[in-house]
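Novice: Encoded as C-alpha cells, here's the structure I'll be asking about.
The values are calculated or read from the model by the stated rules, or taken from the named source; none is laboratory data. These numbers come from a predicted model, not from an experiment. When we count neighbours, we look across all protein chains shown, and the Cβ atoms used for this are built from the backbone with ideal geometry, even at glycine.
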Amino acid sequence: MTASAEPSPGRGLFITFEGGDGTGKTTQASLLETWLTDAGRTVVRTREPGGTEVGLLVRDIVLHHRGEVSPRAEALLYAADRAHHVETVVRPALARGEVVIQDRYLDSSVAYQGAGRVLGRDEVRQLSLWATEGLLPDLTVLLDLDPAAARARLDADDKPFDRLEAEKESFHSHVREEFLALAAAEPDRFLVLDAAQHPAELAAAVRDRVATLLA
C-alpha cells in the first residue's frame, strides 16, 4: 500500500529528527518535507538551535564559540533557545494545523548534555519540559549509526567540525547509548532506523509511519 499524506484541516503534527552527527537527519527531513508538500500539506521546516534570529545567536555560541562554554551554561542556552523557538515558531504552526519538521529537539539535550556532558538525564529533560511547557513531538525519528561510521561521513564532507562534532568518540558513544535508551523508554513516540540503510529505504519507512499519524 502506498503511504498517503492527504491534508486533514486543523490538525497539526510535530515531527523531530534525532541522532548523532553525521547520521543523515537533514537529508531525511528534506525528503519528508518534499513528500508532504507534494501531497498538499503546509510544512514548517526548522531546527534547533537556529530556528529563529535568537536561535542563530545561540547556535553561534554553543557550536562555534572559541573558548570553553561550561556544561551547565551550554544546557541552559539550549533550553533558552528551545523556549523561544517553541513559543514563536512551533506552537503557532501546530495551531494552524501545519506539519512541523524539526532537526533536533529536547532529546538531543538529554543525550548530548545529559549523557555526553554527564549532567544527568532527568535534570536536563525537566529543564526542557519546563522551557517548552511540556510539548513533546508526535513522532521522533531516531537515525542510529555507529559513531565511527558517522565520523567517517563527517570527514568525507571536508567541513570544519563544530564544538560537539569535534568531541571524542567516547562522548559520541555515550550520546548514542542515551538516544537508544530514550527510544526504548518511549517506543510509541520513537521510530528507530538503521542510518546505514540507503536514504530511499529510510525515507520510505519514515513516510509509512507519518502516514499512520495523518490517517
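Novice: Considering only residues that are assigned to a helix (DSSP H, G or I) and surrounded by fewer than 19 Cβ atoms within 10 Å (Cβ to Cβ), which ones fall in the range 99-152?
Specialist: If the condition is that a residue be assigned to a helix (DSSP H, G or I) and surrounded by fewer than 19 Cβ atoms within 10 Å (Cβ to Cβ), then Arg121, Asp122, Glu123, Arg125, Gln126, Leu129, Trp130, Ala148, Ala149, Arg151, Ala152 are the ones that fit.
Novice: Could you look through the range 63-119, keep only residues that are in contact with a Pro (Cβ under 8 Å, 6 or more places away or on another chain) and aromatic (Phe, Trp, Tyr), and pick out the one that is farthest from Ser173 (Cα to Cα)?
Specialist: Tyr78
Novice: Which of the residues belonging to the range 16-51 are in contact with a Ser or Thr (Cβ under 6 Å, 6 or more places away or on another chain) and of a type in the set (S, T, N, Q)?
Specialist: If the condition is that a residue be in contact with a Ser or Thr (Cβ under 6 Å, 6 or more places away or on another chain) and of a type in the set (S, T, N, Q), then Thr16 is the only one that fits.
Yes or no, residue by residue, for (1) among the charged types (D, E, K, R); (2) touching a Leu at 6+ places or on another chain (Cβ under 9 Å); (3) modelled with pLDDT under 90:
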residue: Arg59; (1), (2), (3): yes, no, yes
residue: Arg66; (1), (2), (3): yes, no, yes
residue: Pro71; (1), (2), (3): no, yes, yes
residue: Leu77; (1), (2), (3): no, no, no
residue: Arg82; (1), (2), (3): yes, yes, no
residue: Thr88; (1), (2), (3): no, no, no
residue: Arg91; (1), (2), (3): yes, yes, no
residue: Leu94; (1), (2), (3): no, yes, no
residue: Asp103; (1), (2), (3): yes, no, no
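Novice: Name every residue in the range 47-78 that is surrounded by 14 or more Cβ atoms within 10 Å (Cβ to Cβ), assigned to a loop (DSSP other than H, G, I, E, B) and hydroxyl-bearing (Ser, Thr, Tyr), in order of residue number.
Specialist: Thr52
Novice: Would it be correct to say that Val44 is surrounded by 16 or more Cβ atoms within 10 Å (Cβ to Cβ) and without any contact (Cβ under 8 Å) to a residue 40 or more places away in the chain?
Specialist: no
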